[in-house]
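The values are calculated or read from the model by the stated rules, or taken from the named source; none is laboratory data. It should be emphasised that the depicted structure is a prediction, and the values quoted were computed from it without experimental measurement. So basically every Cβ, Gly included, is an ideal-geometry build from the backbone, and we count neighbours across all protein chains shown. All accessible areas refer to the heavy atoms of the entire protein, side chains included, with ligands and DNA or RNA removed. Shrake-Rupley method; radii C 1.70, N 1.55, O 1.52, S 1.80 Å.
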Amino acid sequence: MKKQVFHKPEVKQVTFLDSRYYTNDNTNYYPSVTTILDVYPKGFGFEQFLKDVGNNATEIVTRAAEFGSKIHNLTEDLNNGHEIKWADENGVAKFTLQEWQALLKFAEFWRLCTPTLIANEKSFCSELLGYGGTLDRVVIIAGVRWLIDIKTSNYIHTSHELQLAAYAELWNHFNPHEPIEQTGILWLKASTRTQKIDPEKNIFQGNGWQLKTFNRHYTDAFTIFKYTQEIWREENPTYRPANLIYPDSIKL
């Protein structure tokens with residue numbers, strides 16, 4: 001998530017907003033979708049993982065988050081028309097094998113599924129819904145308007161489905177005449193080994209990647225997200241971000 005920055009030249013001040021929150025006016029703050037979903041159970045597998053790795057859990061989770069953020073930023077660059085090269089001008093590699101493989105999977109998805117890009121890393125904040133978020137991609141594939149979230153995690157959790165549902169409702173709130181029709185996770189660590197593209201059955205996959213869909217419609221998943229949101233509010237009745245406020249100039 002990109003940190004929001006607010007510059008107030010009249011008071012010579014720049015504010016860096018806590019990335020867990022969104023605002024439209026730097027006065028009223030709303031939690032991000034992922035912040036709300038922190039209270040949703042991660043499941044037995046995640047709890048077992050924490051037990052297995054012990055004190056290394058924080059480091060492992062941090063590395064995974066950094067990997068995911070880097071891939072998100074690079075795929076955003078690709079969709080903005082930039083060319084990404086393996087090495088710099090001196091011939092030194094800029095990426096690990098795992099990072100390059102993830103980018104190649106994303107490129108293959110884009111080549112085979114031929115999506116039309118509608119929105120790329122688009123942020124919204126809604127007072128009515130009570131949260132904000134950044135949507136990875138809104139695209140048209142085979143005439144269907146998709147909301148796609150890019151994931152590089154080893155597993156897909158129910159919380160990921162709820163995240164997409166919340167994002168879809170956020171998009172629909174601001175784009176009522178262009179509602180989301182289908183949601184999916186572009187999973188760049190899928191176990192798939194065969195290539196199959198069948199738009200009528202919502203099957204889009206290749207070697208190691210999959211556009212994963214869910215059995216229920218996102219409006220049904222959004223009901224569960226709203227319950228989760230109420231739990232978050234119960235646990236955070238007086239939430240407010242800890243902004244970093246600095247002067248907007250430096251002179252020695």
Kindly list, by first and then second residue, each pair from a residue in segment 167-188 that is in contact (Cβ under 8 Å) with a residue 60 or more places away in the chain to a residue that is in a helix (DSSP H, G or I) and buried (at least 22 other Cβ atoms within 10 Å of the Cβ), limited to pairs with Cβ atoms under 6 Å and residues at least 6 apart or on different chains.
-> L188/A102; L188/K105
Subset tally (residues that are assigned to a strand (DSSP E or B) and touching a residue at least 40 places away in the same chain (Cβ under 8 Å)) for segment 148-163 | 3
Yes/no for I203 being under 20 Å from A102 (Cα atoms), open to solvent by 30 Å² or more (accessible area, probe 1.4 Å) and more than 19 Å from the chain's Cα centre (by Cα) = yes
Inspect all residues belonging to segment 127-140 and state whether any of them is touching a Pro at 6+ places or on another chain (Cβ under 9 Å) and hydrophobic (A, V, I, L, M, F, W, C).
-> yes
Looking at L211, is it out of contact with any Ser or Thr (no Cβ under 9 Å at 6 or more places or on another chain), touching a residue at least 24 places away in the same chain (Cβ under 8 Å), crowded, with 18+ Cβ neighbours inside 10 Å and not in a loop (DSSP other than H, G, I, E, B)?
-> yes
Scan segment 92-142 residue by residue and report those that are among the small types (G, A, S) and either open to solvent by 60 Å² or more (accessible area, probe 1.4 Å) or in contact with a Leu (Cβ under 8 Å, 6 or more places away or on another chain) (or both).
-> A102, A107, A119, S123, S126, G132, G133, A142
Do the conditions hold for D52, that is, is it at pLDDT below 85 and assigned to a loop (DSSP other than H, G, I, E, B)?
-> no
Does at least one position in segment 185-192 carry a residue that is surrounded by 12 or more Cβ atoms within 10 Å (Cβ to Cβ), assigned to a loop (DSSP other than H, G, I, E, B) and small (G, A, S)?
-> yes
Counting only residues that are outside any strand (DSSP E or B) and surrounded by 12 or more Cβ atoms within 10 Å (Cβ to Cβ), which one in segment 231-252 is farthest from the chain's Cα centre (by Cα)?
-> D248
Which condition number in (1) under 16 Å from the mean Cα position of the chain (by Cα); (2) modelled with pLDDT of 95 or more; (3) not aromatic (F, W, Y) is the one that H82 fails?
-> (1)
Give just the number: which of (1) over 19 Å from the mean Cα position of the chain (by Cα); (2) closer than 22 Å to A242 by Cα; (3) open to solvent by 60 Å² or more (accessible area, probe 1.4 Å); (4) at pLDDT 80 or above does T27 not satisfy?
-> (4)
Positions within segment 30-49 being at pLDDT 85 or above, out of contact with any strand residue (DSSP E or B) (no Cβ under 7 Å at 6 or more places or on another chain) and part of a helix (DSSP H, G or I), in sequence order = T34, T35, L37, D38, V39
